[in-house]
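S.K.: Questions regarding the structure given below will be posed in turn.
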């Protein structure tokens with residue numbers, strides 16, 4: 001075995017180029033991984049409304065970047081009184097307790113009223129019609145148990161970095177929640 | 001030729017000067033527009049809610065209907081007041097937090113009873129025996145505040161919200177099971193009143209939230225609030241449904257919202273005082289259930305009205321009022337939100 005010449009360079013040009021290109025490839029891969037990791041982390045949380053803070057200010061209907069807001073009214077049936085005179089469904093002074101348009105509080109007739117048994121009625125939300133204005137939520141909270149409340153629907157929300165509703169939310173009710181628990185639903189029983 | 005024409009109209013210096021001026025003006029315009037748009041967005045809270053829930057005129061009471069005025073205001077001695085009752089003296093019993101405080105007519109605390117849980121209803125006999133309904137059981141105290149008995153929970157979902165005591169019996173309104181239980185004074189259950197029964201023509205109680213009150217009337221019949229039907233129903237001790245009065249309406253003569261009245265008080269002459277939530281108001285009805293007058297309207301309970309209105313995240317189960325009437329016709333109103341007892345007397349102009 002011949003000893004290396006004392007004045008020969010420790011790394012040959014070929015070695016240098018090989019190692020350099022490997023290092024560059026690794027750096028690029030690291031950078032790519034970092035970017036992907038960052039994007040994945042941004043997707044681990046989503047926007048949601050805390051019903052305990054919502055002030056029913058109406059801005060969910062007007063401020064969302066979508067033409068029809070991604071915020072919808074949802075109904076906690078466990079809390080509902082199934083009232084004949086639902087103050088979330090009827091205007092404050094209805095002519096009669098029926099489904100006539102003039103008696104309905106919802107500006108888009110998004111609440112469906114169906115008879116269960118005397119004198120109970122069930123109220124369900126048609127999310128295709130709901131604009132998230134919270135008028136029914138206010139009616140329900142004003143007189144009743146507060147079973148109607150607003151939530152961001154994640155099949156529609158585009159999860160903006162800066163939610164345009166959150167920016168102007170009067171109750172500071174918007175917050176990021178984990179994607180695996182994306183809803184803050186009301187479940188508390190009557191008076192608890 | 002073309003170049004010469006241009007040169008004849010603008011020198012390079014003029015061109016640069018004009019361009020700089022126009023750029024400056026455009027920039028200034030942009031800055032102004034940006035400032036204007038920022039100013040418009042600076043206070044979004046100032047913009048009116050286009051979807052506001054408007055109760056409008058319902059929040060104002062016709063002054064001609066208000067026949068009572070404030071005589072005294074007593075601060076509730078503890079936080080979270082729930083119920084009010086009058087004992088001999090009259091002593092004012094206020095259930096607040098895990099205590100029942102006994103106040104004199106000036107509002108000074110004369111004694112207190114500590115409980116393991118909040119009392120949700122009270123009734124005091126002329127001899128000063130106090131019955132307190134905790135969530136699922138009833139406790140009995142003698143006139144010195146010593147606990148004499150605790151009646152065990154009658155059912156799994158029991159939620160007592162109203163008590164009425166007669167010479168021989170105790171009637172307890174159980175909101176959880178939508179029934180009135182009839183006890184003897186030793187705590188033995190004698191019967192159940194008000195369960196839906198078509199054969200007996202009993203309509204059944206509709207109790208959407210834990211507000212379900214009752215009183216034993218001088219005529220021997222029980223008066224039980226059926227809040228989901230917006231009326232007061234009369235029952236015999238044996239549970240026969242006799243008649244009912246009251247109608248759903250946000251107007252002053254009716255009971256507003258989904259479920260009202262939330263509490264009931266009896267006057268010495270057999271008339272009724274009712275309390276409502278949502279639109280907090282206290283009214284007087286005749287013994288037959290005809291609307292007579294207003295003790296205090298929505299204006300008198302501004303904090304209470306706000307408790308479940310917009311700009312407050314809570315719902316209406318946090319609000320409510322309770323009332324009791326003394327032998328002189330003074331109406332004591334407990335405001336659960338403001339945490340005080342208002343002593344209301346009939347206006348001088350309305351007396352006689």
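S.K.: When you look at residue A:167, is it touching a residue at least 60 places away in the same chain (Cβ under 8 Å) and either within 30 Å of residue B:247 (Cα to Cα) or in contact with a strand residue (DSSP E or B) (Cβ under 6 Å, 6 or more places away or on another chain) (or both), yes or no?
M.R.: no
S.K.: Can you tell me which residue within region B:246-255, out of those that are more than 7 Å from chain A (Cβ to nearest Cβ) and under 24 Å from residue A:79 (Cα atoms), is farthest from the chain's Cα centre (by Cα)?
M.R.: It comes out as B:249.
S.K.: While we're on this one: Report, by residue number, each residue of region A:51-68 that is over 11 Å from residue A:152 (Cβ atoms) and within 11 Å of chain B (Cβ to nearest Cβ).
M.R.: Selection gives A:51, A:52, A:53, A:54, A:55, A:56, A:57, A:58, A:59, A:61, A:62, A:63.
S.K.: Separate question: Does residue B:119 satisfy being closer than 30 Å to residue A:141 by Cα, modelled with pLDDT of 95 or more, out of contact with any helix residue (DSSP H, G or I) (no Cβ under 9 Å at 6 or more places or on another chain) and outside any loop (DSSP other than H, G, I, E, B)?
M.R.: no
S.K.: Test residue B:162 against the stated conditions and say whether it is surrounded by fewer than 20 Cβ atoms within 10 Å (Cβ to Cβ) and under 23 Å from residue B:326 (Cβ atoms).
M.R.: Judged against the criteria, residue B:162 is not a match.
S.K.: While we're on this one: Does at least one position in region B:202-215 carry a residue that is loosely packed, with under 15 Cβ neighbours inside 10 Å and modelled with pLDDT of 95 or more?
M.R.: Among the residues of region B:202-215, not one is loosely packed, with under 15 Cβ neighbours inside 10 Å and modelled with pLDDT of 95 or more, which makes the answer no.
S.K.: Here is a list: B:60, B:157, B:120, B:75. Which entry is crowded, with 17+ Cβ neighbours inside 10 Å and either under 26 Å from residue B:234 (Cα atoms) or in contact (Cβ under 8 Å) with a residue 24 or more places away in the chain (or both)?
M.R.: Answer to the selection: B:120.
S.K.: Among the numbered conditions (1) modelled with pLDDT of 90 or more; (2) surrounded by 14 or more Cβ atoms within 10 Å (Cβ to Cβ); (3) over 30 Å from residue B:264 (Cβ atoms), tell me where residue B:47 comes up short.
M.R.: (1)
S.K.: Quickly run through region A:121-150 and pick out the residues that are surrounded by fewer than 24 Cβ atoms within 10 Å (Cβ to Cβ) and either over 30 Å from residue B:227 (Cα atoms) or modelled with pLDDT under 95 (or both).
M.R.: Matches in region A:121-150: A:127, A:128, A:129, A:131.
The values are calculated or read from the model by the stated rules, or taken from the named source; none is laboratory data. What you see is a predicted model, and the numbers here were worked out from it, not measured in a lab. We place every Cβ from the backbone using ideal geometry, glycine too, and count neighbours over all the protein chains shown.
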